[in-house]
Structures are given as structure tokens and as C-alpha cells.
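The values are calculated or read from the model by the stated rules, or taken from the named source; none is laboratory data. Here the structure is a predicted model, which means the values were calculated and not measured. We place every Cβ from the backbone using ideal geometry, glycine too, and count neighbours over all the protein chains shown. Areas reflect the complete protein model, heavy atoms only, side chains present, ligands, DNA and RNA absent. Shrake-Rupley method; radii C 1.70, N 1.55, O 1.52, S 1.80 Å.
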Amino acid sequence: MKKNVVTIAGGGSGYTPGILLTVLKFKEEFPLKEIRLYDIDEQRNSDMGIIVDFLLKKQRPDVKLTVTQDPETAFTGCDFVFSQIRAGGMKMREKDEKIPLKYGLVGQETCGLGGFSYGMRSMKSFLEMVGFIEKYAPNAWILNYTNPESIIAESVRRKFPNIKIINACDQTISIEELLDKSFGYDRKNFIAQYYGLNHFGWYKEIYDVTRGKDILPEIIEKIKKQGLDVSGMEPSWAHTYNVMTDMVREFFPKYLPNNYLQYYLYEDRALEKENPNYTRANEVMDSRLKKIKDTVAEIKANPNLDTIDYATESHGLYIVEMAISILHNKNDRFMLIVPNKGAIPNLRPDAVVEIPCYVNAKGVEPVSMREGIPDLHKGMMEAQVAAEKLLVDAFFEHSYQKALEAFALNQTVPNATIAKKILNEFIEVNGDYWVELK
Ligand code: G6P
Ligand code: MN
């Protein structure tokens, strides 16, 4: 089988070692010739180069490593781009989280107005990168994790309708793995029916092939009685999943909600744990980013070092399993972010939705729901879709008015006055990370 060249865009990310180790683990199904780290942050990329070089020398000295800031070098001749770029890095994530919090609103990386601020930055750098990929590697598959995914997917669909991209998020896997951990299931046996937007959806059914039935009612009962098992989690994630338990107990008796819905329905509880001076971005800088620096120092200080503290994880597994499903035409099932086009029949066809899809050599084949969704879910989704579409319009048309409409329509925002204040503040702090709005 042909050996692949894989470019990790956002190569300096703390997720890179996990992705690489997963690729290496599947060496039969996913033969690797070269790994390229592409990042506009030279320091972070070269730090990660040291870590990846260490891992390759231990396990696969035959694999070539290229570390580059140059798009032509990064993409020419590559087969897969795994994208996890984060425009503005953690420093700008910190602003996305802290500015809305100052006004008492949800301050979150991908949800609420923080997500919209990030969306404006992310569209600009992601679309520029897709332009390079179209030029230098028109046949490559882009497997994309770049957030905020629904906004990115909508903008790519408008500008590059024919590009080979699959937009994926690992959150549904994280939820399913948590169900395994909490109640002793095995998600490999699940055929799940889920629908929504990215970070905004519901499980409708979880069919267990070993039991021959839908086990979602039983799962919901268990969550109500025992709660989810958050042991061993970082406190901020534990809190998130505890609020998810609350949502099941108090609001969604039939459907299992994605934990991210709390930012739109239980803002009070999502906010109760927040420290406006120390948010998740600060935690990540003090943990995941610090670990990169520490590991590099460890490698440099110990020429005979045997192992470092990185392992394969579900984040990497999802993206690698997708690549394998394409290469081997496996038709494996994933939750992916795709144009609706009737899959959810009572939702506007031009929405970008997250639903189950089969992945094969041709790309993505979405599964039609065949029946409509309840009004509560539909109403929430349509407001969110409209707000995101307005934001994407604002980006392409450089329209301040559309951006303001998007901000005011966002379901975390109580009134247009606050929307405008926060928009103006974001315009200020984002500077050239955003397109100019007139
Ligand atoms: C989940 C989401 C991602 C998100 C990440 C944030 O994996 O699906 O879209 O970026 O959480 O995690 P962090 O540890 O950076 O807060
Ligand atoms: Mn995600």
C-alpha cells in the first residue's frame, strides 16, 4: 500500500504527540512516509519538532520529519492534512472567555460570543490555509478539527464548495466514552442516532448491537440515579459533566444532550464555577502548554531518555480512524459536520448539521434522519444557525451590521446594547485577526 505524507496544521498544538502516536500505532492500515508539522508560531512548532523527532527516533526512524512555517513546503504532495489550527492561540482564547464574562455572560471558547470572536479569527486563517492546500495539494484530504466547527464548515462550503474536507469533533466520542466509564458499556457496540449543530445536539437513540435494542432510556435512567462518573477529570471538565447530569435530570427526560448545551440553557450553572480572572485558557496554558516546554527541556537535558509522558488518546484516534476508513473504503460511522440537505427534514436544508455519516473512499455519506425533530430542538438550532450564518455573512461582506445582528441573536445575549458593547470590544482586541468591518 502507498505510504502517506501527513501534514499536521497547527503542528505546535499539545494534541500533536497523541495524534502522531495513534498514526504510528496503526502502521499496517495507515502506512506513513513523512510527517510535516506546519505552524505559523515558529517557537511552538520547533518545540513540537523536538518532541516528534524523539518519538520517531524511538519507534519509526524511517519516517521523515519536516518542520515548517512555509505553506508550499507543508502541503506540496501531501495526502492528508490534519488541521487543528487555533488562530490567535491561547492568548486570544483567554480574551474570548474573559470579555463576555466581564458582562456576566458565558465566556467560552466555542459557545456564546467568545465562540463568535474566535469564529471571525478562525475563518480568516482557516480559509487562507485552505487556499494554500487547494493550490499545493488539490487531491489531499483535509480532516478538520479546527473550531468553531459549524462556522468553519459554513465558510468553507461557501468559498471552497469542492474541496475534499471532513469536519469532525471528538465531543460525541468523549460523551460515549464517559458512558462506558460510568456504566460499563462499550461504545464500539453502539449505533448512535445523534443530531444537532456542532457542540449543540442530542442523542435520540443508542442502539446496542450486543443487546439488540435501544439502550438510551436505560442510560438516561442511570444518569438520573447515579450521575456521570467524573472521577479523575480536571475540575472544570468535571463541572461541565455534572451540569450535563443536571440537564438530564431537570430538562431533557428523553434525549441525551451534548454537555455544551448548558451554555445556552443553564448559563447560571455554567457560570457559577467561573473565575473571571482565571479561565480555561489559563488552565490550558498552565498545563497542556507548560507540558510541552517541560518535555522539550527533559529531552534536551537527558540524551539517554527512554520515554516521555505522551500517549495515544481518543482525539487522535477519531481522526486516524477516519483516514483509515477513507483509505480502505471501510464505511465506518462517525458524527460529522455536513450540510443538512434534508437529512433533518424539518430543518432548513442549508444549515450545517452534526449527524452520523459513513466515511468511505468517496468521502462522507450522511445518514438521513427521515423524521423531523421536536420544536424545542428545532427552535434552538434555527436561532443558532441564523446567528452563525449572519456571522459568516459579516465576514465575507465585511459588514458591521451583520456582525451586530449575529451577536444580538446569539442565545447567550440578553439585549442588543450588550451585544454592541461586546462586539466593539472584540473588534478592538482582535485587530488584524479579524477582517475589517464597515
Ligand atoms: C473538546 C471539544 C473541542 C474543544 C476541546 C477543548 O474536545 O470537542 O472542540 O476544543 O474540548 O478542550 P480544552 O482542554 O482545550 O479546554
Ligand atoms: Mn469539538
Residues being away from ligand 2 (no atom under 14 Å from the Cβ) and either part of a strand (DSSP E or B) or open to solvent by less than 20 Å² (accessible area, probe 1.4 Å) (or both): count how many of those fall in the stretch 177-203.
9
Identify all residues within the stretch 68-127 that are polar (S, T, N, Q) and over 22 Å from the mean Cα position of the chain (by Cα); write none if there are none.
Thr68, Gln69, Thr73, Thr76
Given the condition crowded, with 23+ Cβ neighbours inside 10 Å and more than 14 Å from ligand 1 (Cβ to nearest atom), answer yes or no: does some residue in the stretch 85-94 qualify?
no
Please determine, by comparing only the residues of the stretch 300-327 that are among the small types (Gly, Ala, Ser) and surrounded by 17 or more Cβ atoms within 10 Å (Cβ to Cβ), which one is modelled with the lowest pLDDT.
Gly316
When the residues of the stretch 108-141 are filtered to those that are within 16 Å of ligand 2 (Cβ to nearest atom) and under 23 Å from Gly316 (Cβ atoms), which remaining residue is surrounded by the most Cβ atoms within 10 Å (Cβ to Cβ)?
Tyr118
The one condition Lys291 fails out of (1) assigned to a helix (DSSP H, G or I); (2) at positive phi is (2)
